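This report refers to the structure that appears directly beneath it.
The values are calculated or read from the model by the stated rules, or taken from the named source; none is laboratory data. Every value quoted in this text rests on a predicted model; they were computed, and no experiment measured them. Glycine also receives a Cβ, built like all others from the backbone with ideal geometry; neighbour counts cover every protein chain displayed. Just the protein is used for accessible areas: all its heavy atoms, side chains included, with ligands, DNA and RNA removed. Shrake-Rupley method; radii C 1.70, N 1.55, O 1.52, S 1.80 Å.
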Amino acid sequence: MISNTISANVNAVITATGRKHNMEGKRLFQHYLQITKIIVLGICAMPALSRAQESHSTLKFCAEPWPPYDYKHNNTVLGSDVTLNKQVLKKLNVTTQVYIMPWKQCWQLVKQGKMDGALMVSKKKAREPYVYYPETATAHLKYTWVTNQNHQKQYFDLCPNLSTLNITIGLVKDNSYSSELLSCLAKSYNAKHIQTYNTLEQALRMLIMNKVQLIPAIPEVVEHLDKDIKLEGIVIHPTPIFSKTYYTVFSKKSKFSNDKYQNIEGLTKDFAKMLSLVNKKQTV
């Protein structure tokens with residue numbers, strides 16, 4: 001009886017011990033699996049991290065649709081300004097991508113550093129905290145008055161009295177104009193004769209319909225739109241009313257870097273020098 005009890009107790013201890021070892025074995029195995037998963041995930045993540053780091057070596061610009069300087073046709077980004085920037089940056093061994101989008105969206109991405117810069121940007125003090133302006137500009141463009149056939153023989157100076165003339169001027173939202181023109185339009189006799197539109201194309205269509213009678217615009221841009229969408233009845237006055245200077249700007253929050261440039265500021269300085277050399281060669 002006693003021997004049977006002892007035997008039963010021994011078997012119980014052996015069984016319990018076996019279970020304990022089994023449990024410990026399972027815990028060790030599960031711990032091993034967790035470590036293995038971490039190692040595998042780390043190895044898999046390395047190419048992704050590498051790609052993320054490599055992506056900072058490609059300079060990403062955005063620009064509003066502004067033909068013939070920056071625009072998109074058949075999913076291809078084109079324009080004389082696009083070509084110039086790529087030419088300059090290629091000489092600096094920098095890979096570049098340009099995205100066409102509304103200006104408001106472009107500017108927000110530049111401010112946040114999600115875009116490395118923007119093309120064809122006029123200089124404003126409000127923008128300077130967010131971007132570097134190179135010493136060399138990319139373009140100096142002249143604006144003229146654009147009207148319709150009803151007013152093609154009429155002369156307009158820089159500051160017409162819209163109330164006396166009984167006409168309305170069309171402006172494009174977020175576009176920059178000369179301070180002289182803006183001061184003129186702010187006068188009490190002009191303030192009620194202004195309409196704003198999201199794009200120049202919209203403003204020009206309103207001009208054809210005689211909803212507005214006058215638009216300040218760059219002749220080359222209007223001519224390109226005319227070829228593309230057949231703006232019948234548009235008249236471009238030949239006398240310039242003001243000019244604007246435009247730059248390629250670089251975001252101060254950009255994470256761009258490559259083997260040659262550790263940050264965007266160094267690239268901005270070399271960009272200005274190279275752009276100046278390219279411009280000199282083109283004028284010779």
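Structure data summary
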read-out: Near-label residues of region 135-155 by backbone N, under 15 Å of a point 7 Å along Cα→Cβ of E223; value: 141-146
read-out: Amide proton proximity set for Y197, modelled H, under 5 Å, gap of 5+; value: L171, V172, K173
read-out: Relative contact order of region 53-93, defined on C-alpha pairs under 8 angstrom at six or more residues apart (%); value: 22 percent
read-out: Contour excess over end-to-end distance, with Cα ends at Q112 and H140 and 0.36 nm allotted per residue; value: 7.3 nm
read-out: Residue-by-residue Karplus 3J(HN,Hα) for region 129-138, coefficients 6.51, -1.76, 1.60, Hz, glycine and proline x; value: x, 9, 9, 8, 9, x, 5, 9, 7, 8
read-out: 3J(HN,Hα) from dihedral phi, region 196-212, Karplus parametrisation 6.51/-1.76/1.60, rounded to Hz, x for glycine, proline; value: 10, 9, 6, 9, 5, 4, 4, 4, 5, 5, 5, 5, 4, 7, 6, 6, 10
read-out: Overall dimensions of region 78-126 as given by Cα atoms, namely Rg and Dmax in Å; value: 11.7, 31
read-out: Evaluated at q = 0.14, 0.24, 0.31 Å⁻¹: base-10 log I(q)/I(0), Debye formula over Cα of region 212-262; value: -0.60, -1.03, -1.29
read-out: Qualifying trypsin sites (Lys or Arg not before Pro) for region 145-207 [loop in DSSP, other Cβ within 10 Å: at most 14]; value: K153, K173, K187, K192
read-out: Extension gain (nm, one decimal) between N74 and N210, 0.36 nm per residue minus Cα-Cα; value: 45.8 nm
read-out: Length added when fully stretched, D259-T58, from 0.36 nm per residue minus Cα-Cα; value: 71.2 nm
read-out: Carbon plus sulfur fraction of accessible area for region 106-233, probe 1.4 Å, in percent; value: 46 percent
read-out: Over 27 Å (Cα to Cα) - which of K104/K281; K124/K252; K252/K281; K114/K269; K114/K173; K111/K273 fall in this group; value: K104/K281; K252/K281
read-out: Per-residue ³J(HN,Hα) for region 214-222, Karplus 6.51 cos²θ - 1.76 cosθ + 1.60, θ = phi - 60°, Hz, x for Gly and Pro; value: 8, 9, x, 7, 8, x, 4, 5, 5
read-out: Per residue solvent-accessible surface (Å²) - region 106-243, probe of 1.4 Å; value: 52 Å²
read-out: Cα-derived Rg to Rh of region 139-284, Kirkwood definition; value: 1.10
read-out: Restricting region 188-278 to GluC sites (Glu not before Pro) in coil, as DSSP defines it, with at most 14 other Cβ within 10 Å; value: E232
read-out: Unit Cα scatterers, Debye sum, region 55-197: log10 I(q)/I(0) for q = 0.16, 0.20 Å⁻¹; value: -0.97, -1.26
